[in-house]
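These notes concern the structure reproduced below.
The values are calculated or read from the model by the stated rules, or taken from the named source; none is laboratory data. Model, not experiment: these values are computed from the prediction. Ideal geometry is used to build each Cβ from the backbone, glycine not excepted, and the neighbour counts take in all protein chains shown. Ligands, DNA and RNA are stripped out before the accessible areas are found, and what is left, the full protein with its side chains, is counted by its heavy atoms. Shrake-Rupley method; radii C 1.70, N 1.55, O 1.52, S 1.80 Å.
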Amino acid sequence: QVHLVESGGGLVQAGDSLRLSCKASGRSFRNYSLGWFRQAPGKEREFVAAVPWSGHNTYYIDSVKGRFTISRDNAKNTGYLQMNSLKPEDTAVYYCAAQSNGNYYQIVNWGYWGQGTQVTVSS
């Protein structure tokens with residue numbers, strides 16, 4: 001079992017930056033890939049970014065490439081999502097997730113989820 005807790009969300013203006021954190025506890029965090037997802041009001045939850053246990057070969061949805069950076073610190077059992085040049089369309093509840101095996105882009109493969117943190121970007 002992996003327990004995940006997100007933090008770092010908030011209300012910002014377009015063009016600002018935020019860094020989300022995902023603190024893991026329970027089973028060894030380093031055994032799992034880390035992902036970030038988001039869900040805007042009235043929309044389905046969507047994949048944002050993922051990084052394997054090694055921290056290499058990061059993956060992003062096209063709309064955040066060049067603006068968001070996913071990373072992890074296995075020694076601290078913590079993952080991060082640095083979000084720069086935020087846009088109003090980035091407004092959503094952001095969730096971190098963990099999985100041990102499977103296609104990153106398919107939500108069904110992610111077995112562990114945090115409770116989410118709200119990110120609101122005003123224009």
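For this structure, a couple of remarks:
- Total charge dipole magnitude, the chain, about the Cα centre, Cβ charges on Lys, Arg, Asp, Glu only, Debye to nearest 20: 300
- Comparing 18, 81, 34 in a Gaussian network model of the chain, where Cα atoms under 10 Å apart are tied by springs, the biggest mean-square fluctuation is seen for 18.
- Extent along principal axes [Cα atoms of the range 74-115; Å; largest to smallest]: 32, 27, 19
- Each residue of the range 88-99 was assigned a 3J(HN,Hα) from its phi angle through the Karplus expression (A = 6.51, B = -1.76, C = 1.60, θ = phi - 60°), giving x, 6, 7, 4, 4, 8, 9, 10, 9, 8, 9, 8 Hz with x at Gly and Pro.
- Label-to-label distance, nm, for residues given as residue 28 and residue 76 (7 Å Cα→Cβ offset): 2.1
- Note on residue 43: aspartates and glutamates with a C-alpha under 19 Å away, same-chain residues under 8 apart excluded, are 62, 89, 90.
- Residue of 43, 65, 23 that the Gaussian network model of the chain assigns the largest fluctuation, springs spanning Cα pairs under 10 Å: 43
- Anchor residue 76: lysines whose Cα lies under 28 Å away (excluding residues fewer than 8 positions away in-chain): 23, 65
- The reciprocal of the average 1/r between distinct C-alpha atoms defines the Kirkwood hydrodynamic radius, which for the chain equals 14.2 Å.
- Residues in the range 101-123 reached by a label modelled at residue 65 [backbone nitrogen below 18 Å; 7 Å Cα→Cβ]: 104-106
- Positive dipole terminus of the chain, leading residue within 86, 32, 68 (C-beta point charges): 32
- Rolling a 1.4 angstrom probe over the chain with all protein chains present gives an accessible area of which 46% lies on carbon and sulfur atoms.
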